[in-house]
1. Just A:263, A:46, A:237 to compare: in a GNM of chain A, with alpha carbon springs under 10 Å, which one fluctuates most?
2. Between copies, how far does the label point of residue B:272 sit from its twins, in nm, shortest first, when each point is 7 Å from Cα along Cα→Cβ?
3. Using alpha-carbon pairs under 8 Å, 6+ residues apart, how would you state the relative contact order of the stretch A:4-177 in percent?
4. Distances in nm, one decimal, shortest first, from residue B:46 to the same residue in every other copy, taking the label point 7 angstrom along Cα→Cβ.
5. So what is the calculated 222 nm ellipticity per residue for chain B, using -39500 (n - 2.57) for each DSSP H run with n of 4 or more, over all residues, to the nearest 500 deg cm²/dmol?
6. Mind telling me which of B:181, B:262, B:30 comes out most flexible in a GNM of chain B, alpha-carbon contacts under 10 Å?
7. How big is the protein assembly as shown along each principal axis, measuring the range of its Cα positions in Å and listing the largest first?
8. Roughly how many whole Å is it from the C-alpha centroid of the stretch B:7-66 to that of the stretch A:1-31?
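What follows is calculated from the coordinates using simple rules that are stated; it is not laboratory data. Model, not experiment: these values are computed from the prediction. Every residue, glycine among them, receives a Cβ derived from its backbone with ideal geometry; neighbour counts consider all protein chains shown.
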């Protein structure tokens, strides 16, 4: 995929990191950064994440062979559809949103069938961070990380292949799933941890905050993420998130019952199971 | 407190780190490591955490001016009482257990009143890690960390002062609380995060574990801690832990209701409150 023009809509942590990676690897002829505020684009230029900045999406994507929409999930449908309406007929458009079913269905509703099948497929790089913005972007953010690519029944195989090749060129590990399956999985592996971290942080009485240590700090770390972005994600993946939350509440209920009943062997067994699962991931 | 003999009962992460710190700072005439297995003591000797190893607690503490009992919470009462029965009448004994009310009450029941008042006070350095053992010990583990010292109504002021001076010499920040207040606070700031991390890990369906990223990894990190040690801690702080858990379950219920009702401004407000609390701690 060398010598292509890549337009990135939204040059925050993910968009900026993709730009840095493309430029560092010499994978793109030109990286065009598209954003709503000149100040963000200037930052991205200064950090070397993009070659050129553009406030107007239509103009920015006009020459692009690949468009990556990396804006907050609530804006993805609109910006992907705008991009699809403005790019050449050979260009590929994908996104990096943390939810996929709402986004893909929204685009499917608005885009022309042929354009949709040939030019769009959803993506989700599992490489976020609670620190946002181009100042935290890193050229290696995606290296070794998983990117889920989510074709629907309508997507042409060649479209999916192109998106997968784009991510593979950044040394990401590519996984293919349906949008619905992605959302079920990510509700459990990403959206629920954010909800739990926030609940734990919010439920800690102020007068004891001076007594927190690494356990609390680790378990609540992602509660520092952007509340607006995460409310959008919860909203777009409501049903799957509630299902994942029910599984957690069941587990917590069992632990609570076991502690009340002083059934310590049950408690130790659950902690052992949790440790095995956690240890398998490494640090 | 230089030129004193310090005996450390249990040379794991905390005990080993205290030994390293004392030796590096030249604060002790001799650091005596006491343990049940020669292999752990040999490790502690190799890592430079102790000057001398002793399998027999009575012999190990005989010459000590200060005894630090750093064994799993379920063994602390027994080992503190053994130490109090074997040390000289001027020696100070303290522990590093993660719970305080059960431990202090257990010791109060068994030790002679005068010995108790003059020679024992409980301590809890908030400096654990999910990695245990002397191989993870570090001379700076306690630097800048909080150590809670928990006198009871019976403890002499001079006893508490001595324990506080010991921890202050290792550059820890010392906080004085009653055992009961300590347990209420730590239930919220330490024991509950461990329970939640384990519940989240255990509730994640196996087939999706390959899709976890940093959010899940952070939020579940302490689920890798030792299940036996943590079952003991939950057991010793059952009532306060259940209270803290109830507060969390209330918070989760509110979030669940808000998500079901699509009350997104409520959700965003809770995430914002959680973020403010988390941001105040720093990374």
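1. Evaluated over chain A, the most mobile residue of the options is A:263.
2. Between copies, matching label points for residue B:272 lie 4.7 nm apart.
3. Relative CO of the stretch A:4-177 lands at 23 percent.
4. 5.1
5. Values: 13 runs with 147 residues, N = 283.
The per-residue figure over chain B is -16000 deg cm²/dmol.
6. Fluctuation is largest for B:262.
7. Largest to smallest, the principal-axis extents are 89, 45, 38 Å.
8. Distance between centres, Cα-based: 56 Å.
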